[in-house]
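K.L.:
If you scroll down you'll find the structure; I have some questions about it.
The values are calculated or read from the model by the stated rules, or taken from the named source; none is laboratory data. Everything numeric here is computed off the predicted structure, so don't read it as measured data. So basically every Cβ, Gly included, is an ideal-geometry build from the backbone, and we count neighbours across all protein chains shown. Only protein heavy atoms, including side chains, enter the accessible area calculation; ligands, DNA and RNA are left aside. Shrake-Rupley method; radii C 1.70, N 1.55, O 1.52, S 1.80 Å.
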Amino acid sequence: MRKLYSILIVLIIVGSTKLKAQDHNLSVDASKSMAEIQPTMYGIFFEDINFAADGGLYPELVKNRSFEFELGLMGWEEPNSDRHSFNQNSGKAQLVKYSDSTNNHNYVLVTVNDPEGYELINQGYRGMGIKKGEQYRVSFDAANKGAISAVKFELLDEEDNLVSSTTVPVNSINWKSYETEITPSETVEKAKLRMTFEGTGDIWMDMISIFPKDTWKGRKNGLRKDLVQLLAAMNPGFLRFPGGCIVEGRTLAQRYQWKKTVGPVEERETLVNRWNEEFSHRLTPDYFQSFGLGFYEYFQLSEDLGSEPLPILSCGIACQFNTGELVPMQDLDPYIQDALDLIEFANGGPETNWGKVRAEMGHPEPFQMKYIGIGNEQWGPEYIKRYKEFEKAIQAKYPEIIIVSGSGPFPDGEYFEYGWEQLKEMGAAIVDEHYYRSPEWFRENANRYDHYDRSGPKVFAGEYAAQSVAIASPENKNNWETALSEAAFMTGLERNADVVTLTSYAPLMAHKEGWQWTPDMIWFDNLQSYGTPNYYVQKLFGTNSGTNLLKITEDGKELIGQEELYASAVTDTNSGELIIKLVNTSSEEKSVKLDVKGTRLGSSGKMMVLQKQDLSAENSFENPTNIQPVEKTIKTGSRQLEVSLKPYSLNVLKLKMS
């Protein structure tokens, strides 16, 4: 009996010790602002990777609508035609390359010999997502050179059943634009377009398009609404576009050139996507950029989101992971002029050359651009030499513009150290850092910016994401461990808001069948989309960014992972709230007592909890909200409160200050 009693006493003592080890007394000093939280603190990085633009945010259903892909008929099929035959019982489509002087080079010549036997089919971007009862705009350009009386458009489901059709008379021998509408009778994830013809002879066709009418803000041929709604819900402070490595191109000839992405959509020049064959495990040779989503649309989206536009331009170096081609220094002027002209396009009056282009597109008022990025993640002396020339020219003409430079593709090492040394010596304004690392790295580096030079350049954490397996591995997952580790790291970004002024997760979007890179923050198919756990972490930080940084400590020390606890605190002078973010990365529940100095609290507040016991858990199309924030009301004292932090949880407290 005595032995049993002794064991019981030991268990009680051990249990008490364990409980005590999980108790934390934190102090928040609301009497003094440590730094201003910039409105740009949490933003969005968009790149056309993973079919994020064509087939995604830009919801054109017809792939290669203008026959401008490298293989002009890629995406189109003629099941009853034979290239080695006259096709007397059907017909044939032939590519006509009519111009090298404009951005639109090709159209298609369709010869119909037997209208009963000929059909032209487009599969779309991994199929066409269509919704029952919704209206879709059908448009095309045509010149009727034969006895064709009409073109019939049919939408078919996966079993080739007809779900909608419309017939359009074609009545002009000259080029003419036609437009009508079509309404599906069923919802289909992977529909396809079948075109047939009434009559025989030749007809020239171009810009064959099917577009949902229900777009973001109802704009004609506008953006996919559900995807933009996910972005808007994040309250992003900036939109960085158009990438990423997409800016650089595999070669200089394939770099992103913004001037080719503005003006009438039909005049924008299609370009191969640099991600089309980057990874042998995810070859996508049909990945091209139509630029229906171009720089004007990016600026417009930034304005819609209330975000600062942050365009990134080529610095005259192709992607250094590919060819690394250099434009000679004596030939750099056109690249610099592109940057100067972009500023004029964004900010110039309608009387200026490029301001006039913007005004003619429908936006006479300037976009009020403040930032421009030169180069994506270039490195080495050749980048610094070119960056200096850009900086000199931009500052001479537009001294108010803030220029973003880059420190290369890695968060450490000789490229990184060289870049920072040179850029700091130059007095650069903002340096872009990128890091794709393990979840452990993110948890262990919450103090990364604690000792950065406060008088040096500011930091843009422009691309980051925890990799569950390895960088660019196709097996990476958007699981709860990666998201929770990012949350822990983000408390360190926020605690250093005097140095870190912009941050963004990357990449942003991925089509479930068209992806090249994982992980990604938002996943979508042709009909649906969902936010990953990483999305909800970003959303919680972005919608609770506050305006002023406060000091939060335990035993006088900032929380950077001691006993697996991380913390940051801000006030929001607009809402009169104290906002505290607490991340518990341990498997044990933690009891936290908060002492607040310098203000009094209301009697209650809100606590938003993002939590899952299973670190491998993910969201999915089948269960898109498996991991999402849960909000509850908590009671507070005038200067104190106690909360319990569940294992593996991000907790955001919003407390009214009186």
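K.L.:
Can you tell me which residue in segment 463-521 is nearest to residue 228 (Cα to Cα), limited to those that are among the β-branched types (Val, Ile, Thr) and assigned to a loop (DSSP other than H, G, I, E, B)? Explain how you work it out, then say what you get.
P.N.:
Initially, segment 463-521 is screened for residues among the β-branched types (Val, Ile, Thr), giving 469, 471, 482, 491, 499-501, 503, 518.
Checking which are assigned to a loop (DSSP other than H, G, I, E, B) leaves us with 469, 471, 499, 518.
On the way: 469: 29, 471: 27, 499: 30, 518: 21 Å.
Here the answer is 518.
K.L.:
Let me ask something else about it. I need every pair where a residue in segment 316-329 that is open to solvent by 10 Å² or more (accessible area, probe 1.4 Å) has its Cβ under 8 Å from the Cβ of a residue that is part of a loop (DSSP other than H, G, I, E, B) and hydroxyl-bearing (Ser, Thr, Tyr), sequence separation at least 6 or different chains.
P.N.:
If the second residue must be part of a loop (DSSP other than H, G, I, E, B) and hydroxyl-bearing (Ser, Thr, Tyr), the pairs left are 322/251; 323/251; 325/251.
Yes or no, residue by residue, for (1) at negative phi; (2) of a type in the set (Ser, Thr, Tyr); (3) crowded, with 17+ Cβ neighbours inside 10 Å; (4) assigned to a strand (DSSP E or B):
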| position | (1), (2), (3), (4) |
| --- | --- |
| 275 | yes, no, yes, no |
| 278 | yes, no, yes, no |
| 286 | yes, no, yes, no |
| 292 | yes, no, yes, no |
| 296 | yes, yes, yes, no |
| 302 | yes, yes, yes, no |
| 309 | yes, no, yes, yes |
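K.L.:
Tell me, yes or no, whether segment 36-50 has at least one residue that is in a loop (DSSP other than H, G, I, E, B), open to solvent by 30 Å² or more (accessible area, probe 1.4 Å) and either in contact (Cβ under 8 Å) with a residue 12 or more places away in the chain or within 30 Å of residue 191 (Cβ to Cβ) (or both).
P.N.:
Looking through segment 36-50, at least one residue is in a loop (DSSP other than H, G, I, E, B), open to solvent by 30 Å² or more (accessible area, probe 1.4 Å) and either in contact (Cβ under 8 Å) with a residue 12 or more places away in the chain or within 30 Å of residue 191 (Cβ to Cβ) (or both).
K.L.:
For residues in segment 342-387 being β-branched (Val, Ile, Thr) and part of a helix (DSSP H, G or I), which is farthest from residue 311 (Cα to Cα)?
P.N.:
It comes out as 384.
K.L.:
Looking for whichever is at positive phi and either in contact with a Ser or Thr (Cβ under 9 Å, 6 or more places away or on another chain) or among the hydrophobic types (A, V, I, L, M, F, W, C) (or both) here; the options are 462, 561. Which one fits?
P.N.:
Just one listed residue meets the conditions, 561.
K.L.:
Among the candidates 507, 519, which residue alone is out of contact with any Phe, Trp or Tyr (no Cβ under 8 Å at 6 or more places or on another chain) and buried (at least 24 other Cβ atoms within 10 Å of the Cβ)?
P.N.:
After ruling out the rest, the residue left standing is 519.
K.L.:
Turning to a different aspect of this structure: Yes or no: segment 620-639 includes at least one residue that is more than 20 Å from residue 521 (Cα to Cα), open to solvent by less than 50 Å² (accessible area, probe 1.4 Å), within 34 Å of the chain's Cα centre (by Cα) and among the basic types (Lys, Arg).
P.N.:
No, because not a single residue in segment 620-639 is more than 20 Å from residue 521 (Cα to Cα), open to solvent by less than 50 Å² (accessible area, probe 1.4 Å), within 34 Å of the chain's Cα centre (by Cα) and among the basic types (Lys, Arg).
K.L.:
Report those strands (runs of 3 or more DSSP E) wholly inside segment 63-170 carrying at least 3 residues which are crowded, with 20+ Cβ neighbours inside 10 Å.
P.N.:
Here the list reads 106-112, 128-130, 136-144, 147-156.
K.L.:
Return the pairs, sorted by first residue and then second, in which the second residue is part of a loop (DSSP other than H, G, I, E, B), the first residue lies in segment 408-437 and is among the β-branched types (Val, Ile, Thr), the beta carbons are less than 7 Å apart, and the residues are 6+ apart or on different chains.
P.N.:
Listed pairs, sorted by first residue: 430/457; 431/407; 431/457.
K.L.:
Inside segment 247-292, can you point out the residues that are hydroxyl-bearing (Ser, Thr, Tyr) and touching a residue at least 40 places away in the same chain (Cβ under 8 Å)?
P.N.:
If the condition is that a residue be hydroxyl-bearing (Ser, Thr, Tyr) and touching a residue at least 40 places away in the same chain (Cβ under 8 Å), then 251, 256, 270, 284, 287, 290 are the ones that fit.
K.L.:
Residues in segment 388-403: is at least one closer than 30 Å to residue 472 by Cβ, open to solvent by 10 Å² or more (accessible area, probe 1.4 Å), at pLDDT 95 or above and not acidic (Asp, Glu)? Please lay out each step first, then the result.
P.N.:
To start, the set of residues in segment 388-403 that are closer than 30 Å to residue 472 by Cβ comprises 390, 403.
Now restrict to residues that are open to solvent by 10 Å² or more (accessible area, probe 1.4 Å): none.
Checked against the condition, which is being closer than 30 Å to residue 472 by Cβ, open to solvent by 10 Å² or more (accessible area, probe 1.4 Å), at pLDDT 95 or above and not acidic (Asp, Glu), segment 388-403 yields no hits at all.
K.L.:
If you scan segment 368-387, which residues turn out to be more than 15 Å from residue 326 (Cβ to Cβ) and open to solvent by 10 Å² or more (accessible area, probe 1.4 Å)?
P.N.:
Once the filter is applied, which keeps residues that are more than 15 Å from residue 326 (Cβ to Cβ) and open to solvent by 10 Å² or more (accessible area, probe 1.4 Å), segment 368-387 yields 368, 370, 371, 377.
K.L.:
Go through the residues of segment 202-209 one by one and say whether even a single one is outside any loop (DSSP other than H, G, I, E, B), within 20 Å of residue 526 (Cβ to Cβ) and touching a residue at least 40 places away in the same chain (Cβ under 8 Å).
P.N.:
yes
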